[in-house]
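Notes follow the structure.
The values are calculated or read from the model by the stated rules, or taken from the named source; none is laboratory data. If you're wondering where the values come from, they're calculated on a predicted model, not measured in any experiment. Note that each Cβ is placed from the backbone with ideal geometry, even for glycine, and that neighbours are counted across all protein chains shown.
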Amino acid sequence: MIKKQLALIFSLLFISLSAFSQVEEKVKPETGEQKEKLPLGQRIVFGADIGLSFGSITYIKLAPDVGYRFTNRLTMGLGPIYIYERYKHYNWETSIYGGKLFASFTVYNGSQKENRFGIGDLMFHVENEIVNVEKFDDLERIWIDNVLVGAGLYQPLGGRVGVSIFILWDITQNRYSPYYLNNPIFKFSFNF
């Protein structure tokens, strides 16, 4: 029931934001001055996903990343992943490790000063995780791909610091994936 409500809310959000993308903007004539390109130090961004859950299922995820801002709208990067899971009732624990590649594209730049709605940047996000997992049936370790696709919101907190919230879907649906049967996936990350 909650998943259906969240899907409805985000569908309405995307529909309403797509209406704003049809507004015609005035083009300023060039004055001969080129905009300064951002220095390398401002194009490199750092972030981290941290997941914690304790109880009958213990889940700890650490996934720092580093990205490069190719344009004001496109950021791509990579990083390592480590996940620890323990299931108390099954007396089973495992570690998952690997790496990820990601790309985020800003479709609505809401963090600009002229923003009238008070929301952050709306982004499309694609991530490919290549992780080593332990199979349930024979405890053999294998490498799998998890392709995560979705959208999110980036809210600046001041300076270069901000928080990203994403709703992603695992489109590969590998039965050994840590996200199997957990669609959609809610991902929170900190960026600086």
Quiz item: What about M76, is it closer than 21 Å to F192 by Cβ, in contact with a Gly (Cβ under 7 Å, 6 or more places away or on another chain) and crowded, with 18+ Cβ neighbours inside 10 Å?
Solution: no
Quiz item: Take the residues of region 128-145 that are charged (D, E, K, R) and either surrounded by 11 or more Cβ atoms within 10 Å (Cβ to Cβ) or touching an Asp or Glu at 6+ places or on another chain (Cβ under 7 Å) (or both): which is nearest to L62 (Cα to Cα)?
Solution: E129
Quiz item: Just a yes or no: is a residue in region 78-86 assigned to a strand (DSSP E or B), at negative phi and over 22 Å from the mean Cα position of the chain (by Cα)?
Solution: yes
Self-check item: Options N183, N115: the member that is assigned to a loop (DSSP other than H, G, I, E, B), modelled with pLDDT under 90 and in contact with a helix residue (DSSP H, G or I) (Cβ under 9 Å, 6 or more places away or on another chain)
Solution: N183
Exercise. Filter region 169-188 down to residues that are over 16 Å from I130 (Cβ atoms) and crowded, with 19+ Cβ neighbours inside 10 Å, then give me how many there are.
Key: 1
Quiz item: Residue check: is M1 at pLDDT below 55, out of contact with any helix residue (DSSP H, G or I) (no Cβ under 9 Å at 6 or more places or on another chain) and of a type in the set (A, V, I, L, M)?
Solution: yes
Self-check item: Among residues of region 42-73, those that are without any contact (Cβ under 8 Å) to a residue 40 or more places away in the chain, polar (S, T, N, Q) and under 24 Å from F105 (Cβ atoms), counted
Solution: 2
